[in-house]
Amino acid sequence: MNCHRRRREMMKWQKIAVVCLLLFASGMLFSSCRVKGEAEAFRIEARAVHDSALTVDTHIDTPAHMLREGWKIGERHDPSQRESGKIDLPRMAEGGLDAAFFAVFVGQGERTPEGYARAKEQTMSLLDAIHKMAEDYPHLVEIAFSPEDAYRLEKEGKRAAFIGMENGYPIDTNLTLLEEYYKRGVRYLTLCHSRDNDLCDSSMERQSPEDNGLSEFGKEVVAECNRLGIMVDVSHVSDKSFFDVLQVTRAPVIASHSGVRAICDTQRNLSDEMLKAFALNGGVIQVCFVSSFLKKEKPNPERDKALQGLREKYGSRRDIKDEVTLAKMREEYEALMEKYPVERATVKDLVNHIDHVVKLVGVDYVGVGTDFDGGGELDGCEEVSQMSHITEELLRRGYSAEEIRKIWGGNLMRVFGKVIQIAEKSK
């Protein structure tokens, strides 16, 4: 009797245990489904906010790819393949990127008649490639010249292709060339690149330890940009050059692809003093995706030693004239970087820079300029189809839809419109 009672008691508790386990499991399943459901709802909300904005990237180096034989920007390229690049028109649509400034980049060369002639030739080739893109894919993209063009094309479901010139070197010392480039669509001018030129001193690799800032010819170039309606871009310029520009410009300026020096201490980034001056000028800093501008790199002695060996083997890249040698050096450099990869900055690192600008001077003075195809890529936003991940992080941090629309394009278009308005008044 007692034996039967104990067995019944045991069976009862076993049933209770099974019920409890089932309830626990169903609760876990429900919780998991709820979390997944909330995550999906958040992504849908973020994409809706993203699609409601005019999204503008102020700096991509994709035109260099467009000169490659067989590479077509109107076709979708597999992001996992290195030769695919970071941007093409189908992936721009996937990532909800409405407009981009295609960079006409010519590296700083010799300031001689021969050097200037080569720079102009390269510039024209890049401009031709950008215009050919619009001719080849009129149903997908159109060359844009104003904020109104961008908003119109967004409604039509096309990409807006603006043109920016990175480095004033192709201007030679001839202001009439600047107007010629303007007529071909150039709407911002990055005054210099990584070396000094006739316009100003660079933030990197200056010819002299002393920062001489903006030259007299540089002042003329800034005035001509104001007259024509070209935005002056202070990315890459030295600190003195930056403040000299603000002294002479009649219009707000931009930094098309830069970062915040208080977070990542490099001369290529802007100090808090410079950011405050930006706000007073009414300009905008576009935060870029280059990891070394977003976070301090971890030391890697083996990589440093290998890079030094490459420099000793080939010398300075800018001194290599032979294209075959240059291609070989690039191939070895890429292999080296694959072997010793740099830790990429994350989407969160990028938004940390945006946060800093917003807290320091306000949400009206910051935007996005990826530098895709020029070294820009993030862990979490490696190429253009993933652009909405930036919007997701902004939403997580409490930015409103209206603030996000300002960051993605509203601020830049405000500056662009003001530059055009000032130019029209001077005519």
| request: Would you mention how many residues in the stretch 97-111 are open to solvent by 10 Å² or more (accessible area, probe 1.4 Å) and farther than 18 Å from Ala129 by Cα? | output: 5
| said: Which numbered condition in (1) more than 25 Å from Ala262 (Cα to Cα); (2) modelled with pLDDT of 85 or more; (3) among the β-branched types (Val, Ile, Thr) is the only one that Val324 fails? | reply: (2)
| Pairs, first within 17 Å of Arg414 (Cα to Cα) and open to solvent by less than 70 Å² (accessible area, probe 1.4 Å) in the stretch 43-60, second assigned to a helix (DSSP H, G or I) and among the aromatic types (Phe, Trp, Tyr), C-beta under 6 Å, six or more apart | Ala53/Trp408; Thr55/Trp408
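Can you tell me how many residues within the stretch 283-299 are open to solvent by less than 10 Å² (accessible area, probe 1.4 Å), closer than 21 Å to Glu377 by Cβ and not in a helix (DSSP H, G or I)?
Summing the residues that are open to solvent by less than 10 Å² (accessible area, probe 1.4 Å), closer than 21 Å to Glu377 by Cβ and not in a helix (DSSP H, G or I) in the stretch 283-299 gives 5.
Specify the residue that is modelled with the highest pLDDT; the eligible residues are those in the stretch 300-321 that are under 30 Å from Asp233 (Cα atoms) and either open to solvent by less than 50 Å² (accessible area, probe 1.4 Å) or under 28 Å from the mean Cα position of the chain (by Cα) (or both).
Narrowing the stretch 300-321 to residues under 30 Å from Asp233 (Cα atoms): 316-321.
Next cut, either open to solvent by less than 50 Å² (accessible area, probe 1.4 Å) or under 28 Å from the mean Cα position of the chain (by Cα) (or both) only: 316-320.
Details: Ser316: 69, Arg317: 63, Arg318: 58, Asp319: 64, Ile320: 66.
Here the answer is Ser316.
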| Within the stretch 165-194, which residues are open to solvent by 10 Å² or more (accessible area, probe 1.4 Å) and not charged (D, E, K, R)? | Tyr169, Thr173, Asn174, Leu175, Thr176, Leu177, Tyr182, His193, Ser194
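Take Gly218 and decide whether it is open to solvent by less than 40 Å² (accessible area, probe 1.4 Å), modelled with pLDDT under 95 and within 13 Å of Val245 (Cβ to Cβ).
no
Tell me, yes or no, whether the stretch 272-282 has at least one residue that is more than 26 Å from Ser84 (Cα to Cα), open to solvent by less than 30 Å² (accessible area, probe 1.4 Å) and not aliphatic (A, V, I, L, M). Break it down into steps so the answer makes sense when it comes.
Going through the stretch 272-282, the residues more than 26 Å from Ser84 (Cα to Cα) turn out to be 272-282.
Within this subset, residues satisfying the condition of being open to solvent by less than 30 Å² (accessible area, probe 1.4 Å) are 274-275, 277-279, 282.
With the extra rule that they be not aliphatic (A, V, I, L, M), the set shrinks to 278, 282.
Scanning the stretch 272-282 turns up at least one residue that is more than 26 Å from Ser84 (Cα to Cα), open to solvent by less than 30 Å² (accessible area, probe 1.4 Å) and not aliphatic (A, V, I, L, M).
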| field | Condition check for Asp265: in contact with a helix residue (DSSP H, G or I) (Cβ under 7 Å, 6 or more places away or on another chain) and among the acidic types (Asp, Glu) | value | no
| task | State all residues of the stretch 61-80 that are open to solvent by 70 Å² or more (accessible area, probe 1.4 Å) and within 22 Å of the chain's Cα centre (by Cα); if no residue qualifies, say none. | result | Leu67, Arg68, Lys72, Glu75, Arg76, Asp78, Ser80
| Restricting to the stretch 133-145, what's the tally of residues that are in contact (Cβ under 8 Å) with a residue 40 or more places away in the chain and either open to solvent by 20 Å² or more (accessible area, probe 1.4 Å) or part of a helix (DSSP H, G or I) (or both)? | 5
| Which one of the conditions (1) closer than 16 Å to Lys120 by Cα; (2) polar (S, T, N, Q); (3) surrounded by 21 or more Cβ atoms within 10 Å (Cβ to Cβ); (4) at pLDDT below 95 does Ser203 fail to meet, given that it meets all the rest? | (1)
| said: Every residue in the stretch 343-374 that is under 23 Å from Ala279 (Cα atoms), touching a Leu at 6+ places or on another chain (Cβ under 9 Å) and either of a type in the set (Ser, Thr, Tyr) or open to solvent by 40 Å² or more (accessible area, probe 1.4 Å) (or both), please. | reply: Asn352, His356, Leu360, Tyr365, Thr370
| Taking the stated definitions as given, is Leu394 in a helix (DSSP H, G or I), open to solvent by 50 Å² or more (accessible area, probe 1.4 Å) and in contact with a helix residue (DSSP H, G or I) (Cβ under 7 Å, 6 or more places away or on another chain)? | no
| request: Looking at (1) part of a helix (DSSP H, G or I); (2) under 19 Å from Leu54 (Cα atoms), find the lone condition where Gly367 falls short. | output: (1)
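Quick grid of which residues meet (1) crowded, with 17+ Cβ neighbours inside 10 Å; (2) among the acidic types (Asp, Glu); (3) within 27 Å of Val104 (Cα to Cα); (4) touching a Phe, Trp or Tyr at 6+ places or on another chain (Cβ under 8 Å):
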site	(1), (2), (3), (4)
Lys339	no, no, no, no
Gly376	yes, no, yes, yes
Met387	yes, no, yes, no
Ile420	yes, no, yes, no
Ala423	yes, no, yes, no
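The values are calculated or read from the model by the stated rules, or taken from the named source; none is laboratory data. All values derive from a computational prediction rather than experimental measurement. Cβ sites come from the backbone with ideal geometry, for glycine too, and all protein chains shown count toward neighbours. In case anyone asks, the SASA skips ligands and DNA or RNA and just uses the protein heavy atoms, side chains included. Shrake-Rupley method; radii C 1.70, N 1.55, O 1.52, S 1.80 Å.
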